[in-house]
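Reading through the structure tokens given below for one structure.
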């Protein structure tokens, strides 16, 4: 097909997009452990919620488990995922003599510490988050059962029945929709004016920045593609943010092969972003796939620069390894 027969397509590439500092740290932790200790390296839960990343690490020798009971007696490293784990998990690892390495994102650890401080001050804690998400399970598991009340919606706020309404605090999952969370926090503050909150909001910088970029480009395009896995909370929120910001054709896909090409035939301007656990190679794969069908021009729309860096867990740093 001659170039003239390719319909034009303008792609607006959102920046920032893709890997955040916590994801880079977690993936690097697995790769560093494999380099230092060789295969296998055990990882409790997907190190980050991206199937492409997990499969690549499996090929290098990582073994993913959902429970420590799946790990045989071993001297191999056992890494906890970026989402964080309940306190019972490192306790079990210690009892079994496992070489445990915690790759929890430092911003998730911040939420854990906040919850512990509120608990020490005898406050009942409200956690805004999604039931069943590993991060929520990990945060709730920092404290005794019943110390944390989970709310997912405005309706949950209306149904809340705390033991002492005058002595409450709230924390949030780090990967939520900024706008949804603001509504829930506002409802909590209306109902419980004295509720204590974090000194600095819990939703992570990367989640916020990626959502802001999508809000800027969504009204300008006919379609939005969010590159990421279906079980990635921050990726799902990006798709929802795109829809709310005016782009009704917002799709979450992991690979170009997941696209329904018929949906994009009439699209003239397309925005592409990627969740915080999605590697850039998947973005490039999708752009290349459009390039095989359309006459593509790519423009990057940047809303902010990111320079956050988290060092590896201590057990994997050069001085510790030496």
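What follows draws every value from the coordinates through simple rules; no lab data is involved. In this text, all values refer to a predicted model and were calculated from it rather than measured experimentally. As a convention, Cβ positions derive from the backbone with ideal geometry for all residues, glycine included, and neighbour counts pool all protein chains shown.
From the helices alone, meaning DSSP H stretches of at least four residues, give me the mean residue ellipticity at 222 nm for the chain, per-run term -39500 (n - 2.57), in deg cm²/dmol to the nearest 500. Write down the numbers at each step before the final one.
Details: 11 runs with 118 residues, N = 322.
About -11000 deg cm²/dmol.
Just the number, please: percent antiparallel of the DSSP beta bridges in the chain, rounded to the nearest 5.
On the way: 0 of 42 bridges.
Close to 0 percent.
For region 21-105, report the % of Cα-Cα distances exceeding 21 Å.
On the way: 666 of 3570 pairs.
Of all Cα-Cα pairs in region 21-105, 19 percent lie more than 21 Å apart.
Under a GNM of the chain (C-alpha, springs under 10 Å), which listed residue has the highest mean-square fluctuation: 244, 269, 190?
Its mean-square fluctuation being the largest, the pick is 190.
For residue 37 and residue 182, FRET efficiency with R0 = 56 Å and r from the beta-carbon atoms, rounded to 0.05?
The computed FRET efficiency comes out at 0.80.
Measure nothing but the geometry: give the 0 to 90° angle between the long axis through the Cα atoms of 106-120 and the longest principal axis through the Cα atoms of the chain, rounded to 10°.
30 degrees
Determine the gain in length on full extension of the stretch residue 5-residue 120; use 0.36 nm per residue of separation and subtract their C-alpha separation, reporting nm with one decimal.
Values: separation 115, 0.36 × 115 = 41.40 nm, distance 6.78 nm.
So the chain would gain 34.6 nm between residue 5 and residue 120.
If I stretch the segment between residue 261 and residue 65 completely, what's the gain in nm (0.36 nm per residue apart, minus their alpha carbon distance), one decimal?
On the way: separation 196, 0.36 × 196 = 70.56 nm, distance 3.55 nm.
Extra length from residue 261 to residue 65 when fully extended: 67.0 nm.
What are the equivalent ellipsoid semi-axes of region 107-191, built from the alpha-carbon gyration tensor (square roots of five times its eigenvalues), in whole angstrom, biggest first?
On the way: eigenvalues 61, 54, 25 Å².
In descending order the semi-axes read 17, 16, 11 Å.
So if I take the centroid of the Cα atoms in region 133-151 and the same for region 205-242, what is the distance between those two points in Å?
Centre-to-centre (Cα) distance: 27 Å.
Looking at the square roots a ≥ b ≥ c of the eigenvalues of the Cα gyration tensor of region 136-178, which shape do they give, rounded for a/c under 1.5, prolate if a/b is larger than b/c, or oblate?
Numbers: a/c = 1.88, a/b = 1.09, b/c = 1.72.
In terms of gyration-tensor shape, oblate.
Is the chain best put as rounded, prolate or oblate by its Cα gyration tensor, with a ≥ b ≥ c the root eigenvalues, rounded for a/c under 1.5, and otherwise prolate when a/b is larger than b/c, oblate when not? Before the final figure, lay out the partial values.
On the way: a/c = 2.40, a/b = 1.25, b/c = 1.92.
In terms of gyration-tensor shape, oblate.
Springs between alpha-carbon atoms under 10 Å, Gaussian network over the chain: tell me which of 191, 159, 239 tops the mean-square fluctuations.
159
Residue separation times 0.36 nm, minus the C-alpha to C-alpha distance between residue 309 and residue 167: what's the value?
Values: separation 142, 0.36 × 142 = 51.12 nm, distance 3.56 nm.
Computed gain between residue 309 and residue 167 is 47.6 nm.
Provide the packing ranking of 38-45, 81-88, i.e. peptides ordered by the mean count of other C-beta atoms within 10 Å per residue, highest first.
Values: 38-45: 20.1, 81-88: 22.1.
Those peptides, ordered most packed to least, come out 81-88, 38-45.
Give the order of 273, 303 when sorted by the count of other beta carbons within 10 angstrom, beginning with the fewest. Could the numbers behind the result be given before it?
Details: 273 30, 303 16.
Least to most surrounded, the residues fall as 303, 273.
Comparing 200, 248, 60, which has the greatest mean-square fluctuation in the GNM of the chain with Cα pairs linked when under 10 Å apart?
200
Quick one: helix 205-217 against the long Cα principal axis of the chain, what's the angle to the nearest 10°, folded into 0 to 90?
Result, in degrees: 30.
So what's the angle, to the nearest 10 degrees on a 0 to 90 scale, between helix 21-37 and the longest Cα principal axis of the chain?
80 degrees
What does a probe at residue 75 reach in region 15-51, counting residues whose amide N is under 15 Å from the point 7 Å along Cα→Cβ?
36-41
Report the Cα centroid-to-centroid distance between region 14-60 and region 271-322 in angstrom, as an integer.
About 14 Å separates the Cα centre of region 14-60 from the one of region 271-322.
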